[in-house]
Amino acid sequence: MKIIEIHVYGFGKLIDFHLTNLSDFQVIYGKNEAGKSTLMAFIHSVLFGFPTKQQQDLRYEPKTHSAYGGQLVLLTEKYGKVLVERVKGKATGEVTVTMENGQIGGEELLSIVLNHLNKSMFQSIFSFNIHGLQNMNKLKGEDISRYLFAAGTIGTDSLLKAEQEIQKEMDTLFKPNGRKPVINQLLHELRSREKELNELKIYNGQYEMLKHKQLSLESERSAIQEKIEHHQRELQTVEKMINEWPLYKEKQQIMKRIDAFGTISFPANGLERMEQLTLQIRSINSRLAACEQQKKQLEQQIAQATPNPSFDEHHLSLQQLINEWSQYEQWKNDLDKYTLELETIHEQLQLLLQELHLQHIDLERVEAIDVSIKAKEQLRSLLKQYDYLSLRRESLTKQRKDKKQELIAIEHNCNHLESQLMPEETFRRLSNKQHHLEHTKVLQAEYDRVQQQIEIMKNVASSRNTSGQMTIIMMAVFLLFAGFSLVMKHYDFLILSFVACIIVGIFMMKKGGQKQLNKQLSSLSEEAEKLKEQLNSEKNVHHNAHLYEQQKELREQWKNQVLQLEHIQHQSEQLEHEWQLLHKEHQRFIEQLNQMKKEMLLDIEFPSEQLMNAFDILVDIRKHLSKTKHINVLIQQLQRQRLEWKQELEQWFERLQFKWPSNFEGILLLKKALSDHQEKKIIYRELNNKRQELDNQEHQLKLEQQSVESDMQQLMSVANAENIEDYWNKGSNFETVEKLKERLALLSIQMSEEKTKGYQSIQDIHELERKQTSLISHVKDLTHQLTVTDTDLAKIKYELKQLEEGGTFTEKLHEFHYSKSQFQDFAKKWFKLALAKQILVNMMDKFRKQRFPKVLQMAETYLSMLTNGEYVSLHLHEEEDHFFIKRQDGVLFAPNELSQATAEQLYVSLRFALVNILEDEYACPIIIDDGFVNFDSRRTENVIELLKKMSKNKQVLFFTCHQYLLPTFAEEQIITLENGKLLNSL
């Protein structure tokens, strides 16, 4: 499986981050906090889910972006391209897996693609960082060996930790020779209780006999108790019948009295109803009399409250006239206000006209001035252009002046330089002399070079002469040594002497080059003499180089000043032309402004800068004139309205024949008259309404009177009574019978028909009393028998108690079974733990026998490569609990005896070997985050070479913050991160 594309929507600082075309060996470089760890955590999260809030791993939820998650594109041999997308959703996120064949699924399909690999296993085998290596710093002794053994079998020490935890928990439950573990204590207690119980079983025979007798007496007691309860129930029934005997006799008497009255026909609640109807008829008669009296008094009041009909005819008109009085006064106030405002506006208008010196001009001409927005904008634009031209004209005038001064200064410089220049013919001769001087400098440099070569060759010839003498001396010595060896027959030394003579002879042959050296020296000496003669002839020429350089510099300055003069003259001509054009344009705008002043009725000398203010003042003048006309119209309208209202008021007073003044006093009198008229109308209407109510009330009372009399006749008809007195007598008898029936019903509830039948066989109460006495006697005898039985039972229980020694046997038996149950529960728990441990041990044995030897064999190759052949092999201990590392010189080392860096290299070798062994099951990419910081430069190169070699079979993603490692990789293999952003490859 290979990751070929990474797209991060939002994850930590990575926002809309996209990596494509990831290679088999991909290096991701970035400084601290560049986003490397975030990208590595993103790969884990997409494949295996976001960490939950209860887990310690960071969730990397973006703080400045709403998107959370992203997608990976995987390339697999079995399924082809697989797109895995995980976004925010449930606790671990919502995952969508899209296969190349179009199949879409979720977590189950992703688990199939990963061959059911989980996050913990992936991180322990294929993904590791420096923290995994540094864990060995925390371990000591044999723990390091066990940790490395776990790294080579399952990639992590989780099974070892699980085995240790299970063993620790088992030890808290049981140890073969322990005292404090729970099962050991329970076993000791169970044995003690069993011993006590066996001692108590001796008394078990006598105990069983007494127990059997106890059961017999308890059965006998139960039978006696049952008989007593039966007789007591009968006694209660007889006593109850004795108590209820008077009720039975009363019921019989009431039934006889009801039969004596016979059948009585009377309406329900007839007496109460008749009494209520009698009271109602009396009340109705009294109310009718009061109603007639009220009607007489009301007629008199109506006659006095009749209103004057003359006001009704003109009521609305008069009321409107009264309501308009306040408006009449308001018109007067408005007139005063508008008059005052008109005077104020007139004063302001005079002040504005005075500001523009227009106080003596006809106002109609002012009103004819165009003060529209268009005219204002035209004036503003004209003034803006006029100001720009004025400023530009001033600027050009200043530039013209500056250029003139600059021309004068440059002309003065030119004149000064011309006065310092020598004649041209003289300068030409001085130039020729300068050329001769330069040729002399060249000859001097060549003469110096030849002299240096001559000195060098002389030194070489001298050294060769000295070495020649030494060579002759050495030849003589070696020949004497050869002769001595021949005489002494030391043939080995003789051969060495001949070899030395041959070497010295070769050196002497090379000495023949001395003649060639002398020849070259003679040639150089002749060349030096020629150069010296030429130098002597050139030095006789007199020359002044300083004067030549000074005149040359003055001529260069004069040329520059002339060029600058021509350039400034050209600029001055351009400025003059531009100033003339600007002057014409400026004059044209002055004429336009003068025309605007004329149209605004202003003097030609009026400052142009104040034209906008003058325009605004003219606008205010026009507003004041318009407002004056409007106020004059309002004043005329108010005066007309006041006159019309006053004339109408006088006409109404004359029509109504009221001699009232047409002012506020007359209005008050009219208002009071109308108010009195309205009050009379209200009183008159209320009295009429009340009279109508009395008529209705009288009619209603008469109808009620007829209804009540009809009801009374109906009641008497139902009772078959001839008159009221007969009706009351029949009613009294009916009530007596009803009360007897009510009492009979109550007795029937207390004495049901079943009970009554029980009394029918009894002649009198004495028969019940005799039966009561007999039952009391039987109960007394049975109670005596029960007391005797209880006494015997108490004696047996006491004997049993003595045998049980206060309940010891039963308690001990119960305690024994309780302890046995506790022991079995903890034993089952220990057995489950032992079984789990055995399963782990079997799994570790399987790994040790099948997987670890293969891993060990491959790890040897990797370790030898990483350590430059320093460590050559790995060997398992005989007990196979740990292993040793063999150095090149044959010395064996335990893992804890290695240096930190070498132990880490051993760990890396085991992990890489395990990855290769599991290749058929899990073809996952290797992800490493700066895992080799403790390696030296050579071993770091070795591990990188190993990674490159492994990348031929599986993808390697290598995260690093060390820039010195980058030159070891190809440029196209490197991706650079900076602050969560992707930069160009290095």
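The values are calculated or read from the model by the stated rules, or taken from the named source; none is laboratory data. Treat the numbers as computed from the prediction; the structure is a model and nothing was measured. Ideal geometry is used to build each Cβ from the backbone, glycine not excepted, and the neighbour counts take in all protein chains shown.
So the values come out like this:
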item	result
Count of segment 79-102 residues which are loosely packed, with under 13 Cβ neighbours inside 10 Å and more than 24 Å from Leu58 (Cβ to Cβ)	4
Restricting segment 1-34 to residues that are under 25 Å from Ile944 (Cβ atoms) and among the basic types (Lys, Arg), the residue that is surrounded by the fewest Cβ atoms within 10 Å (Cβ to Cβ)	Lys31
Boolean, Tyr727 is on the phi < 0 side of the Ramachandran plot, at pLDDT below 75, over 60 Å from the mean Cα position of the chain (by Cα) and not charged (D, E, K, R)	no
Any hit, segment 904-917, residues being at pLDDT 80 or above, over 18 Å from Phe932 (Cα atoms) and exposed (fewer than 14 other Cβ atoms within 10 Å of the Cβ)	no
Only one of Leu173, Leu247, Leu186, Leu160 that is in the same structural domain as Leu746 (by TED's automatic domain parsing), more than 30 Å from Lys795 (Cα to Cα) and modelled with pLDDT under 80	Leu247
Strands (runs of 3 or more DSSP E) (entirely within segment 18-129) containing at least 3 residues that are in contact with a strand residue (DSSP E or B) (Cβ under 6 Å, 6 or more places away or on another chain) and free of Cβ contacts under 8 Å to residues at least 40 places away in the same chain	80-87, 94-99
Flag for Thr960 being under 41 Å from the mean Cα position of the chain (by Cα) and closer than 27 Å to Thr902 by Cβ	yes
Tally of residues being at pLDDT 80 or above and out of contact with any strand residue (DSSP E or B) (no Cβ under 6 Å at 6 or more places or on another chain) across segment 926-935	1
Selected residue [surrounded by 12 or more Cβ atoms within 10 Å (Cβ to Cβ), of a type in the set (Gly, Ala, Ser) and at pLDDT below 55] from Gly155, Gly105	Gly155
Residues being in contact with a Gly (Cβ under 8 Å, 6 or more places away or on another chain) and modelled with pLDDT of 90 or more - total across segment 77-92	3
Cross-chain or 6+ apart pairs with Cβ under 8 Å, segment 242-261 first and under 19 Å from Asp764 (Cβ atoms), then of a type in the set (Asp, Glu) and part of a helix (DSSP H, G or I)	Ile242/Glu769
Residue among Arg380, Arg393, Arg429, Arg365 that is assigned to a helix (DSSP H, G or I), of a type in the set (D, E, K, R) and without any contact (Cβ under 8 Å) to a residue 24 or more places away in the chain	Arg429
Residue within segment 587-596 that is touching a Phe, Trp or Tyr at 6+ places or on another chain (Cβ under 9 Å) and of a type in the set (Phe, Trp, Tyr) present	yes
Elements of type strands (runs of 3 or more DSSP E) contained in segment 860-953, each with 1 or more residues being farther than 29 Å from His44 by Cα	871-876, 883-887
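To keep it simple, each residue is scored yes or no on (1) modelled with pLDDT of 75 or more; (2) closer than 30 Å to Ile635 by Cβ; (3) surrounded by fewer than 13 Cβ atoms within 10 Å (Cβ to Cβ).
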| position | (1), (2), (3) |
| --- | --- |
| Glu272 | yes, no, yes |
| Leu277 | yes, no, no |
| Arg287 | yes, no, no |
| Glu299 | yes, no, yes |
| Leu318 | no, yes, no |
| Glu324 | no, yes, no |
